[in-house]
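Structure first, then comments.
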Amino acid sequence: FLAHRFERVRPDGSIIEVSGTPLAHGGMVTTYTDVTVPRQREKALRDLSAELENRVQQRTAELERREAQLASKAALLQLVVSNVNQGISFINADLVIDLCNGKFGELLELPPELSRPGVPLLDVFRFNAKRGEYGPGDPETLAQMRIAIARQRLPHQFERTRPSDGKTLEITGRPTPDGGMVTTYLDISERKDAEKRILKLNETLEERVAERSEQLQQATQTLHASQDALARSAAKATLSTLVASVTHELNTPLGNSLIAASTCADLAKRFSVLVGSGQLKKTDLAVFMDQMLQGSDLMERSLHRAVDLVKNFKQVAADQASEQRRSFDLKEVGEEVLNVLSPSLKRYPHRVELDIPKGILLDSYPGALGQVLINLINNAYLHAFEGRDVGVVHINAALEGEWVSVHLQDNGVGMSQAHLEQLFQPFFSTKIGRGGTGLGMTIVENLVSGTLGGSVRVTSELGAGTHIALRIPARVSTVLL
């Protein structure tokens with residue numbers, strides 16, 4: 001008999017440990033022990049150990065992968081930071097430089113030992129204070145003041161002109177979520193120099209303009225008064241363009257008047273010399289009179305043009321102080337307008353058909369509405385019937401609840417979409433220099449939308465005429481003061 005020990009797995013899954021020990025006088029003592037539970041525990045421990053080992057390996061691989069990604073991103077960040085055209089510094093929560101680029105040290109003119117990671121911010125402040133970057137005073141006190149401000153970690157942006165080379169730096173700081181601060185440094189010296197040159201140029205231009213505008217001072221004052229009236233009446237934003245356009249348009253007639261006046265003054269001086277010398281001839285007198293008449297004629301025509309422009313401009317500015325609000329019949333206003341226009345309209349073969357029923361009563365501003373109708377009729381006669389033997393402008397109106405609609409339809413040549421889009425722009429006209437000022441439709445829009453409190457809509461096609469629709473309240477809510 002031999003000593004033995006082994007385990008046997010029974011069909012039911014239990015594990016029996018069989019142990020045999022031989023006896024001295026012969027025979028064998030055999031024991032049978034159920035070790036199922038210990039073996040199951042051992043297996044569970046081995047499985048758990050294997051699982052933990054696998055998890056550790058996976059976690060280690062994940063950490064290595066993340067470390068590689070972080071290293072790659074850190075390298076990319078360093079590459080970007082190193083190649084931007086600004087100085088950049090990252091200060092951690094302990095006020096120590098974590099990251100900076102070469103431009104940081106270059107713009108601040110820091111030595112290499114102060115423009116690298118690991119340098120306390122206080123050392124940089126001390127260096128700057130000692131060389132006068134922060135003005136007069138004890139360097140240590142100035143540096144500690146800067147550190148106290150830095151500890152607050154407040155966003156900031158300011159400009160600093162360096163005393164050493166006069167360069168101006170724009171310094172912008174923003175706090176980071178981890179309690180640090182990222183700061184950028186940008187050299188804006190060229191921009192500052194350009195701004196100074198522009199300011200100086202503007203001052204020079206203002207002086208030149210003032211010198212050349214002295215003889216036009218009266219006209220400019222009139223224009224400025226009209227501009228003030230526009231501002232007080234809260235006109236639309238496009239009126240700013242109108243102001244510039246009127247100023248530009250006034251230059252020509254006023255310039256012509258100035259030239260004519262200067263020429264007449266020069267002629268008068270020459271004539272005075274001839275008279276004083278006793279050498280005046282009849283032909284000299286005739287030439288003088290002819291030239292003076294030409295000059296005065298030019299001045300008269302130019303000044304009339306300037307007066308018309310200023311008058312129209314004042315109308316566009318809606319000088320509502322002169323408007324009278326009252327109740328009136330729309331048909332009567334239409335008839336009054338046609339009576340006023342009759343002398344000038346008789347020169348044309350065209351006609352206006354007024355088809356407004358009596359009894360459409362309004363509580364509004366008849367003066368403004370009459371001006372709108374006058375402008376629209378004149379505009380049609382000037383633009384709509386070119387090349388047409390006979391043109392017709394048909395006007396009708398209707399009361400629609402609390403609103404009144406007025407329609408003007410002509411059988412003229414119409415207009416393109418491009419012209420239609422610019423219709424209400426100041427000084428837009430296809431007849432500039434041939435009777436058109438380009439202000440008629442601008443006046444219409446301002447009066448309808450402002451004084452009358454309504455709206456105007458224009459539709460047109462080339463060859464199909466133009467339709468203008470006005471929609472105004474029967475009782476205007478606008479109170480003109």
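The values are calculated or read from the model by the stated rules, or taken from the named source; none is laboratory data. Small disclaimer: the values here were computed from a predicted structure and weren't measured. Neighbour counts run over all protein chains shown; Cβ positions are idealised from the backbone, glycine included.
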Set Val404, Val390: member being in contact (Cβ under 8 Å) with a residue 12 or more places away in the chain, surrounded by 12 or more Cβ atoms within 10 Å (Cβ to Cβ) and either more than 17 Å from Ser460 (Cβ to Cβ) or not hydroxyl-bearing (Ser, Thr, Tyr) (or both): Val404
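Which residues, taken from the range 357-372, are in a strand (DSSP E or B) and either crowded, with 20+ Cβ neighbours inside 10 Å or not charged (D, E, K, R) (or both)?
Keep residues of the range 357-372 that are in a strand (DSSP E or B), which gives 361-364.
Selection gives Leu361, Leu362, Ser364.
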The range 162-178, subset assigned to a loop (DSSP other than H, G, I, E, B) and not charged (D, E, K, R), residue farthest from Leu108 (Cα to Cα): Pro177
Some residue of the range 26-44 being modelled with pLDDT under 90, within 46 Å of the chain's Cα centre (by Cα) and farther than 30 Å from Asp12 by Cβ: no
Among the candidates Glu159, Glu203, residue that is among the charged types (D, E, K, R), loosely packed, with under 12 Cβ neighbours inside 10 Å and not in a strand (DSSP E or B): Glu203
Test: residue in the range 373-386 that is on the phi < 0 side of the Ramachandran plot, at pLDDT below 90 and surrounded by fewer than 16 Cβ atoms within 10 Å (Cβ to Cβ): yes
Residue in the range 25-39 that is part of a loop (DSSP other than H, G, I, E, B), outside the structural domain of Tyr185 (by TED's automatic domain parsing) and either of a type in the set (Lys, Arg) or in contact with a Phe, Trp or Tyr (Cβ under 8 Å, 6 or more places away or on another chain) (or both) present: yes
Condition check for Ser302: modelled with pLDDT under 80 and assigned to a helix (DSSP H, G or I): yes
Test for Arg162: is it under 31 Å from the mean Cα position of the chain (by Cα) and of a type outside the set (Ser, Thr, Tyr): no
Those residues of the range 103-117 which are under 15 Å from Leu186 (Cβ atoms) and surrounded by fewer than 16 Cβ atoms within 10 Å (Cβ to Cβ), in sequence order: Glu106
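Residue by residue, here is whether (1) modelled with pLDDT under 85; (2) assigned to a helix (DSSP H, G or I); (3) out of contact with any strand residue (DSSP E or B) (no Cβ under 8 Å at 6 or more places or on another chain) holds:
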position: Ala71; (1), (2), (3): yes, yes, yes
position: Ala75; (1), (2), (3): yes, yes, yes
position: Val81; (1), (2), (3): yes, yes, no
position: Ser89; (1), (2), (3): no, no, no
position: Ala93; (1), (2), (3): no, no, yes
position: Lys103; (1), (2), (3): no, yes, no
position: Leu110; (1), (2), (3): no, no, yes
Given (1) modelled with pLDDT of 90 or more; (2) surrounded by 12 or more Cβ atoms within 10 Å (Cβ to Cβ); (3) part of a helix (DSSP H, G or I); (4) not polar (S, T, N, Q), index of the condition Val18 fails: (3)
